[in-house]
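The values are calculated or read from the model by the stated rules, or taken from the named source; none is laboratory data. Only a predicted model underlies this, so the values are computations on that prediction, with no experimental measurement involved. A quick note on method: Cβ atoms are made from the backbone with ideal geometry, for glycine too, and the neighbour counts reach across all protein chains shown.
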Amino acid sequence: MSDGIKKAFEGGKAFIAFITCGDPDTETTLGAVCAAAENGADIIELGIPFSDPTAEGPVIQGANVRALAGGITTDKVFELVGEIRKRVSIPLVFMTYSNVVFSYGPERFMSLCREKGIDGIILPDLPFEEKDEFMPVCRKYGVALISLIAPTSAGRIGMIAREAEGFLYIVSSLGVTGVRGEIDTDIASMVSVVRENTSVPCAIGFGISTCEQARKMSGYADGVIVGSAIIKLLEKYGKDAPAHIGRFVREMKDAVSAPASEHASEP
């Protein structure tokens, strides 16, 4: 596991913020990442825009459209990461799609990840059974290939957990990313199987948008991932969004860091 990712989970419950690169421009992304890091984010997921983001709901799809319309490219994302790394030391993880890595060239992509300081990568469209397409090159360059576990994973949870790297991304709900009023998946049983098979930390994402949800979910897992709620702030405030994102991240970090008595019961 990346030492950076490991350390991010050692100080208590981790808060992971997702931000789409280039929405509405790279300068705003830089400001948003810095604001999130300064206000308690333990890991930042950086979305590399893709024209067909199959796991995303309308909010993050909109961010992809805005970023691509603004001229963002994978090369520009790597340049942006170089600028981010001058100001931010917490772990950075890419979230994108297999085609982005394939079209760039996996060797070139992962070598730049190491050069620029990317700790891990999440590819939501990469089936677990096909991860060997990327695993060797990820390991060569020290980039954790982070697996996802969904409510539909069922009998495969233990198998996926045993081979996990970095952290396990537990998908809280069926469907695409997006704000949800209620999360009714049996998270406790999913996490229980994970705990039986690995010591790699797990974080819950998809649909978490309120402090109450974050507090509850952090009772089950080692961390909480929030994306669409942050992207909504970018959509609403544009270039002025970083200050609003900073305040939101501080509230969410405080929520996941609340005393254990305020969390859901551990499974």
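Quick notes on this one:
Residue-wise test of (1) within 25 Å of Ala243 (Cβ to Cβ); (2) touching a strand residue (DSSP E or B) at 6+ places or on another chain (Cβ under 8 Å).
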{"position": "Gly40", "(1), (2)": "yes, yes"}
{"position": "Phe50", "(1), (2)": "no, no"}
{"position": "Ile60", "(1), (2)": "yes, yes"}
{"position": "Glu79", "(1), (2)": "yes, no"}
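- Test result for Ile5, at pLDDT 95 or above, among the β-branched types (Val, Ile, Thr), within 22 Å of Ala221 (Cβ to Cβ) and in contact with a Phe, Trp or Tyr (Cβ under 8 Å, 6 or more places away or on another chain): yes
- Looking across Gly47, Gly62, one residue alone is touching a residue at least 12 places away in the same chain (Cβ under 8 Å), surrounded by fewer than 20 Cβ atoms within 10 Å (Cβ to Cβ) and out of contact with any Pro (no Cβ under 7 Å at 6 or more places or on another chain). It is Gly62.
- Answer residue from region 71-95, given it is more than 18 Å from the chain's Cα centre (by Cα) and part of a helix (DSSP H, G or I) and is farthest from Phe128 (Cα to Cα) among those: Glu83
- Taken across region 8-21, residues that are closer than 20 Å to Ile121 by Cα, modelled with pLDDT of 95 or more and of a type in the set (Ser, Thr, Tyr) do occur, with at least one present.
- Hits in region 1-55 (condition: outside any loop (DSSP other than H, G, I, E, B), among the small types (Gly, Ala, Ser) and in contact with a Leu (Cβ under 8 Å, 6 or more places away or on another chain)): Ala32
- Residue check, Ala32 within 18 Å of Ala214 (Cβ to Cβ) and either free of Cβ contacts under 8 Å to residues at least 60 places away in the same chain or crowded, with 24+ Cβ neighbours inside 10 Å (or both): no
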